[in-house]
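Chemist: For reference, the structure I am asking about is given below.
Every read-out reported here was derived from the displayed coordinates using simple, explicitly stated rules and does not represent laboratory data. Computed from a predicted structure; not experimentally measured. Neighbour counts run over all protein chains shown; Cβ positions are idealised from the backbone, glycine included.
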Amino acid sequence: MTRHLNGVLRYVLGLFLLLSTISGFAQKKAPAGEIVWNSVGQVYVNPNNGTGEVAGYFTYFPGLDDLFTSAPSVGTAHFTFRSDTLQLQPLPAQGNLNVILAGAGVWKIYYNPAPADWGNLDTFSQGQVVAVLTHGAKELIGTGASGTNMFSGDVIATYDFVLAGGTYNLGKIFPDGFTNFSTISNVPVSGTSEFPVGLPYASSAVAKGRSTEGPHE
């Protein structure tokens, strides 16, 4: 009886350690400078009133698989994002250099069970909110057919979600915030009725280091 009980205990302990190892790998905090996501998005612009929004989907989070229902695309992505409405301020052009300023704000990541569609912004903000993030002031820099943008942000809140039978939380990957780098196409595509001009882009973000002002709560 004792031998059998010891065998069961060893089995349970081994299973627990295995699951802990898998879970720990999936939710490992990214060190400063390590990529925490890749994404594809679109800047939606209304030139008539100087407003815009940003929306898109994620192609990579470290430790997370099954980010798409089938072949990767906007319509099969599990994780989408959308910003609040931005006020855009173009600067006077300098030769072929064009700069648009956008203020700081808030954006959200969604675990999205339904297909997203570039022609409908609301499809990027459906499903479960899994992260509420800030973004610093942006400077969209365009020269010729392409441009760049960079901004940093912090985590306001993150929420657990279940993916492929596992429970995850994006806040465990980048708890100290992130810096995002984008390459933007200046060749416009169709937007929406509210924001008729779309500028496609792709981006990657890296983890920020812990602030020296004091420990995070």
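Chemist: Expressed in nm to one decimal, what extension gain is obtained for the pair ASP117 and THR51 from 0.36 nm per residue of sequence separation less their Cα-Cα distance?
Modeler: 21.7 nm is the gain from fully extending ASP117 to THR51.
Chemist: Given points 7 Å out from each Cα along the Cα-Cβ axis, report the ALA104 to ASN38 separation in nanometres with one decimal.
Modeler: Reported label-point gap for ALA104 and ASN38 is 3.1 nm.
Chemist: Next question. Given 0.36 nm per residue, what is the gain on full extension from ALA157 to PHE181 after removing their alpha carbon distance, in nm? All intermediate terms of the calculation are to be shown ahead of the outcome.
Modeler: On the way: separation 24, 0.36 × 24 = 8.64 nm, distance 2.18 nm.
Here the segment from ALA157 to PHE181 would lengthen by 6.5 nm.
Chemist: Any lysines with Cα under 18 Å of the LYS28 Cα? List them, leaving off those in the same chain fewer than 8 positions away.
Modeler: Within the straight-line cut-off, LYS28 pairs with LYS172, LYS208.
Chemist: In addition: With a cut-off of 11 Å, note down the residues of segment 108-132 whose backbone N falls inside the zone around a label point 7 Å from the Cα of TYR60 toward its beta carbon.
Modeler: The answer is none.
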